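S.K.: Pasting a structure below so you can have a look.
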Amino acid sequence: MEQQSFFSQAAPQPLAARLRPETLDDFVGQRHLLGPGKVLRRLIESDGVSSMIFWGPPGVGKTTLAHIIAQRTKSTFIEFSAVTSGVKEIRAVMQQAEENRRFGERTIVFVDEIHRFNKAQQDAFLPFVEKGSIILIGATTENPSFELNGALLSRCKVFVLKALEAPDLEALLRRALVSPAGFGGQRITMPEGMLAQIAASANGDARTALSTLEMVVLNGDMDSDGGVTVTPETLAQCVTRKSLLYDKKGEEHYNLISALHKSMRNSDPDAAVYWLARMLEAGEDPLFVARRVTRFASEDIGLADPRALEIAVAAFQACHMIGMPECTVHLTEAVVYMALAPKSNAMYTAYEAAKKDALEQLAEPVPLVIRNAPTKLMQQLHYGEGYQYAHDTPDKIANMQCLPDSLLGREYYHPTEEGVEGRFRARLDAIKEWKKAHGG
């Protein structure tokens with residue numbers, strides 16, 4: 001007789017696992033893919049799925065869809081995780097799939113967190129996907145364009161799953177309160193609007209919303225007949241802050257810094273400060289933001305307001321010296337200044353045009369007239385011959401050729417009339433007129 005212990009009883013499943021939908025009709029959200037007549041719904045209902053990638057943030061139903069497919073398909077369904085599986089396990093599964101194919105049976109392989117597979121592991125799938133031994137379904141929270149091999153990605157249809165909207169999450173929470181798999185057997189009392197608060201705090205993640213509901217119910221006040229009362233104080237203890245979707249190395253990292261940059265470029269200080277707060281409150285390194293703001297000061301403002309670079313560098317130094325959270329106000333000052341400053345991308349376009357010539361044109365030698373001549377041999381070879389020291393001329397301009405012959409007359413800097421740059425444009429026009437009058 002097997003000895004029983006306290007740990008031999010199966011641990012109860014979390015609420016999110018108990019309420020996992022088993023049919024498409026019970027699935028919440030993703031109506032753009034699973035609504036009546038939508039392509040993914042038709043593929044699942046007809047058992048006609050092909051290799052595909054489910055891409056979306058956590059808690060939006062990627063694994064749940066795979067489980068629904070597993071229940072509906074007539075194919076062999078194999079599921080494993082990229083976290084615990086290696087090339088050896090992949091090859092074993094592929095061998096089984098090849099055997100199934102010989103007997104005319106399809107094999108669907110679901111890989112959760114497929115972005116965690118390295119190139120060698122992804123390559124192990126490729127030949128079997130190509131010849132139809134398996135139908136590959138992968139789930140990922142990362143942009144597959146960056147994380148999956150191009151050859152494998154080209155053979156899969158990518159379905160983008162969106163973060164769930166607050167009304168969808170609230171409906172899911174209400175279902176949890178009445179479902180026998182949830183809290184349907186208990187009397188739960190909570191203030192009006194609390195489910196909406198939980199839904200808002202989950203940031204589109206169904207798993208987070210259900211986990212929070214479970215936590216507040218388990219920590220509620222139980223009365224004598226087994227009913228549970230959840231108070232605002234209990235909710236405040238269980239939800240300390242809104243979960244911010246952010247990965248400092250993933251796509252969202254670049255999406256948000258792009259949003260900040262483009263809001264400043266569009267002279268929208270409110271949007272710029274919002275995206276700044278989104279990054280910093282999610283844990284972004286303030287020095288990363290400060291570096292991007294410093295780049296912006298020259299790329300998008302430049303000589304239209306030369307003080308912008310000073311403000312940006314000062315903010316960077318402040319972030320370096322005092323760090324978070326004190327430096328948030330310094331970055332806010334810099335971001336608002338950048339948004340309101342006059343804009344000019346003349347510095348950026350000047351360098352890009354010069355870079356193109358530097359890379360594509362023949363690398364001509366520096367004109368002799370502007371070469372240094374520190375040795376007697378160089379002087380004999382006419383280095384620096386005819387050089388005019390501009391400070392010694394009446395107009396502080398010398399009539400010398402400074403570009404190579406093939407680029408003579410080429411112009412890279414085209415100043416705008418924005419802000420202070422209008423003065424620089426007037427000065428440049430005067431210099432050009434002087435050189436034209438003196439045969440330059």
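S.K.: How large is the accessible surface per residue of segment 55-124, computed with a 1.4 Å probe and reported in Å² as a whole number?
M.R.: 49
S.K.: Could you tell me which of the pairs Lys131/Lys162; Lys62/Lys262; Lys396/Lys436; Lys38/Lys62; Lys396/Lys432 are separated by over 20 angstrom between their Cα atoms in the structure shown?
M.R.: Lys131/Lys162; Lys62/Lys262
S.K.: For Gly138, what residues show an amide H to amide H distance below 5 Å, using hydrogens built from the backbone and excluding near sequence neighbours?
M.R.: Placed amide hydrogens put Met52, Ile53, Phe54, Val111 under 5 Å from Gly138.
S.K.: Can you send over the carbon and sulfur percentage of the accessible area for segment 248-317, probe radius 1.4 Å, protein chains only?
M.R.: 52
S.K.: Hey, how many Å between the Cα centroid of segment 380-414 and the Cα centroid of segment 139-210?
M.R.: For segment 380-414 versus segment 139-210, the Cα centre distance is 67 Å.
S.K.: Leaving ligands, DNA and RNA out of it, rank Tyr389, Tyr351 by accessible area with a 1.4 Å probe, largest first. All intermediate terms of the calculation are to be shown ahead of the outcome.
M.R.: On the way: Tyr389 120, Tyr351 145 Å².
Ranking Tyr389, Tyr351 by accessible area, largest first, yields Tyr351, Tyr389.
S.K.: Can you give the helix-only mean residue ellipticity at 222 nm for the chain, where every DSSP H stretch with n ≥ 4 adds -39500 (n - 2.57) and the sum goes over all residues, rounded to the nearest 500 deg cm²/dmol?
M.R.: Helix-only estimate at 222 nm: -14000 deg cm²/dmol.
S.K.: Please calculate the 1.4 Å probe accessible area of His382, with all protein chains present, and give it to the nearest 10 Å².
M.R.: The value for His382 is about 90 Å².
S.K.: What relative contact order, as a whole-number percentage, does segment 341-440 give when Cα pairs under 8 Å and 6 or more residues apart are counted?
M.R.: Working: 80 pairs, mean separation 31.7, N = 100.
It comes to 32 percent, rounded to a whole number.
S.K.: What's the center-to-center distance, using Cα atoms, between segment 279-302 and segment 308-374 in Å?
M.R.: 12
S.K.: Which option, (i) 29.4, 108; (ii) 32.1, 110; (iii) 30.3, 102, is the value of Rg and Dmax of the Cα atoms in Å that was calculated from these coordinates?
M.R.: Recomputing Rg and Dmax of the Cα atoms in Å here gives the entry labelled (ii).
S.K.: With a 1.4 Å probe and all protein chains kept in place, how much accessible area does Asp26 have, in Å² rounded to the nearest 10?
M.R.: Here the accessible area works out near 70 Å².
S.K.: Ok, one more. Only sites in a loop by DSSP and with at most 15 other Cβ atoms within 10 Å count here; which GluC sites (Glu not before Pro) in segment 38-134 make the cut?
M.R.: Taking segment 38-134 and a limit of 15 other Cβ atoms within 10 Å, the loop GluC sites (Glu not before Pro) found are Glu105.
S.K.: So what's the angle, to the nearest 10 degrees on a 0 to 90 scale, between helix 87-102 and the longest Cα principal axis of the chain?
M.R.: In the chain, helix 87-102 runs at an angle near 60 degrees to the longest axis.
S.K.: Let me ask you something else. In percent, what relative contact order does the chain have, based on Cα pairs under 8 Å that are 6 or more apart in sequence?
M.R.: 11
S.K.: For helix 307-322, report the angle its Cα long axis makes with the longest principal axis of the Cα atoms of the chain; keep it between 0 and 90° and round to the nearest 10°.
M.R.: 50
S.K.: What is the angle, in °, between the Cα long axis of helix 206-218 and the longest principal axis of the Cα atoms in the chain? Nearest 10 is fine, range 0 to 90.
M.R.: Helix 206-218 sits at roughly 50 degrees to that axis.
The values are calculated or read from the model by the stated rules, or taken from the named source; none is laboratory data. Values in this document were obtained by computation on a predicted structure and should not be read as measured data. For neighbour counting, all protein chains shown are included, and Cβ atoms are generated from backbone atoms with ideal geometry for every residue, glycine included. Surface areas here come from the heavy atoms of the whole protein model, side chains and all, with no ligands, DNA or RNA. Shrake-Rupley method; radii C 1.70, N 1.55, O 1.52, S 1.80 Å.
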